[in-house]
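What follows is a single structure, written as structure tokens, with notes after it.
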Amino acid sequence: MPESLRLYKKEKLCSAVAIEQLFGPGGADFARLVYPLRVVARRNPRRRSDAPVAFMISVPKKRLRHAVDRVAMRRRIREAYRLNHRSISLEEGIRLDVGFVYVANGLVSYAEVERSMLRLLHGLQEAFPAVADKESGQ
């Protein structure tokens, strides 16, 4: 049976405290820009959810003035994440808070968003390697 590609509520980062810590001064353990997305991530051992990664998406009004454009970009980013987030395998017990921020000044195609998402997820995997990766590297 193929693995479900569904996103669950527990994978959504909605704690105001966690978001403030993620974007606050000295909060990020990992930050990278791959146009048109920027990712910010940090370990959060205090999160109680059993999901290894909790994510959020931000499309600033400064970048896209019309709400329909912001919603369209948010959907493209979420779809790219939904289809590719299973590529991240983390060490047991590690909990990540991840924020994706849209940085382009106009609409971009889904293909560009997905290409950026794949590179960002690969960077996250390198920054927070799994147990199997550490054992094979020794």
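No lab work stands behind these numbers, since they all come straight from the coordinates. Keep in mind it's a predicted model, so treat the numbers as computed, not measured. Neighbour counts are summed over all protein chains in view; Cβ atoms, including those assigned to glycine, are modelled from backbone coordinates with ideal geometry.
Do we have any residue at all in segment 61-76 that's in contact with a strand residue (DSSP E or B) (Cβ under 7 Å, 6 or more places away or on another chain), closer than 11 Å to GLY99 by Cα, free of Cβ contacts under 8 Å to residues at least 60 places away in the same chain and not β-branched (Val, Ile, Thr)?
Filtering segment 61-76 for residues in contact with a strand residue (DSSP E or B) (Cβ under 7 Å, 6 or more places away or on another chain) gives 63, 73-74.
From what's left, closer than 11 Å to GLY99 by Cα: none.
Checking segment 61-76: not a single residue is in contact with a strand residue (DSSP E or B) (Cβ under 7 Å, 6 or more places away or on another chain), closer than 11 Å to GLY99 by Cα, free of Cβ contacts under 8 Å to residues at least 60 places away in the same chain and not β-branched (Val, Ile, Thr).
Within segment 34-74, being farther than 20 Å from GLU112 by Cα, among the small types (Gly, Ala, Ser) and within 14 Å of the chain's Cα centre (by Cα) holds for ALA41, ALA51, ALA54.
Those residues that are touching a residue at least 60 places away in the same chain (Cβ under 8 Å) and either more than 20 Å from ARG70 (Cβ to Cβ) or β-branched (Val, Ile, Thr) (or both), I need them from segment 86-114; list them, please.
So the first thing to find is which residues in segment 86-114 are touching a residue at least 60 places away in the same chain (Cβ under 8 Å), and the list is 86, 97-104, 108, 112-113.
If the condition is that a residue be touching a residue at least 60 places away in the same chain (Cβ under 8 Å) and either more than 20 Å from ARG70 (Cβ to Cβ) or β-branched (Val, Ile, Thr) (or both), then ARG86, ASP97, VAL98, VAL101, VAL103, VAL108, VAL113 are the ones that fit.
In this entry, VAL34 is excluded by the filter for residues that are of a type outside the set (Asp, Glu) and touching a Phe, Trp or Tyr at 6+ places or on another chain (Cβ under 6 Å).
Scanning segment 48-96 for residues that are in contact with a His (Cβ under 8 Å, 6 or more places away or on another chain) and of a type in the set (S, T, N, Q) yields one hit, SER87. Is it fair to say GLY123 is in contact with a Pro (Cβ under 9 Å, 6 or more places away or on another chain), surrounded by fewer than 17 Cβ atoms within 10 Å (Cβ to Cβ) and closer than 17 Å to ALA41 by Cα? Criteria not met by GLY123.
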